[in-house]
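Here the structure comes first, spelled out in C-alpha cells, and everything after it is commentary.
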Amino acid sequence: MAKMQYAIEDQIATITLNDGKVNSMDWEFFKELNESLDRALADKASVLMFTSTLGVFSAGLDLKLLPTLGMAKQLLFHKTFATTMLRVLLFPIPTIAAFKGHAIAGGFILSCACDRFVVQDGPFRMQMNEVINSMMVMSWISLVCRSSIPSRWWREVLLLARPYTPREAYERGIPDTLIDANGDVLGAAYELARELKKVSGPGFAATKEVLFKHEADHVMEIFEKELVNWLGKLLPSS
C-alpha cells in the first residue's frame, strides 16, 4: 500500500498512515483505508488503532485535487469521504486514534470518529479549518466531531476554526489522553487497546449502532442535497 500499512498482533489491528508526506486524503487514501478496515474484520481483530510515524497524522483532504473536480466528481469524492469516516464511527470493534503530530481537518475528523483519542504533547496543530478554506462543515462532519468534542466547544472548534496545541485540545476534553512530550504514545495506546479488548464483542457493536446508526443514516439521507446546494455556490455553472 502506498498510503498506509496494516498489521495485526494479539488481536490488535494497526493502520499506520504513512505516505511520506502529510497523509493527505485522496481517492487512493480512501481505497486503502477501506481495504484495511476489511482486513481488520476478516482477521477478527478485537481492537483497531490508527497512528502515523510522520509527525503528521493527516493534513486532511488533498486541496490540490478538489479544484480539478467538476460537480459529479465532487459529489462522489465527498460521499466517499463521508461514508468512510462514518464507517469508522460505526466500526463494530473499539477504535483508537493515537499519534504524535498535526491533525488538520480530515485528520481531526478521523481522530474524532474513533472511540478513544490519544495524543502526544508537542508543537503540533489540531484544527478543523474548513470554514477558513471556504468549505462547509456538513451535517455528517458535525455528527462525527460532536461525538468527541464537548458541547461547550462546538462553536469554537467547528464554526470559528480555532487551532489548538495537543495540550489545549486536551484541556477542552477533545482527546481522551495526553501523553507527555517525552512519553511513549504508542505504548500507552497499546495498553489502552488491551483494556478495550474486554468490551469488544457483539454487545459493543450493537450498542454502537444504537448510539450512532440512526443519526448516521439521517445525515446521509440529506447529504447530496446539502452538498449540491453548497457546491452550487462555489463551482461555475457548466
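Annotations for the structure displayed:
- Residue check, L178 under 28 Å from R125 (Cβ atoms) and either in contact with a strand residue (DSSP E or B) (Cβ under 6 Å, 6 or more places away or on another chain) or not in a helix (DSSP H, G or I) (or both): yes
- Residue ID - nearest to the chain's Cα centre (by Cα), chosen from residues in region 1-45 that are over 25 Å from A181 (Cα atoms) and of a type in the set (S, T, Y): S36
- Flag for N182 being free of Cβ contacts under 8 Å to residues at least 12 places away in the same chain and within 30 Å of G55 (Cα to Cα): yes
- Any hit, region 46-54, residues being within 20 Å of D180 (Cα to Cα) and in contact with a Cys (Cβ under 9 Å, 6 or more places away or on another chain): yes
- In region 152-169, the residues that are within 19 Å of I141 (Cα to Cα) and of a type in the set (D, E, K, R) reach residues that are in a helix (DSSP H, G or I) and at pLDDT 95 or above with C-beta atoms within less than 7 angstrom, at least six apart or across chains, in these pairs: R162/E156.
- Residue among N34, N23 that alone is part of a loop (DSSP other than H, G, I, E, B), under 18 Å from C114 (Cα atoms), among the polar types (S, T, N, Q) and touching a Lys or Arg at 6+ places or on another chain (Cβ under 9 Å): N23
- Any hit, region 2-15, residues being in contact (Cβ under 8 Å) with a residue 12 or more places away in the chain, more than 28 Å from V199 (Cβ to Cβ) and in contact with a strand residue (DSSP E or B) (Cβ under 9 Å, 6 or more places away or on another chain): yes
- Index of the failed condition, E209 passing every other in (1) crowded, with 17+ Cβ neighbours inside 10 Å; (2) under 14 Å from D115 (Cβ atoms); (3) not β-branched (V, I, T): (1)
- Of residues in region 143-175 being surrounded by 15 or more Cβ atoms within 10 Å (Cβ to Cβ) and of a type in the set (S, T, N, Q), the one farthest from S111 (Cα to Cα): T165
- Just one of the numbered conditions (1) surrounded by fewer than 18 Cβ atoms within 10 Å (Cβ to Cβ); (2) in contact with a helix residue (DSSP H, G or I) (Cβ under 8 Å, 6 or more places away or on another chain) is not true of D26: (2).
- Pairs with Cβ under 7 Å, 6+ apart, first in region 214-226 and closer than 13 Å to K79 by Cβ, second among the β-branched types (V, I, T) and outside any helix (DSSP H, G or I): none
The values are calculated or read from the model by the stated rules, or taken from the named source; none is laboratory data. Everything numeric here is computed off the predicted structure, so don't read it as measured data. Backbone-built Cβ (ideal geometry, glycine too); neighbour counts: all protein chains shown.
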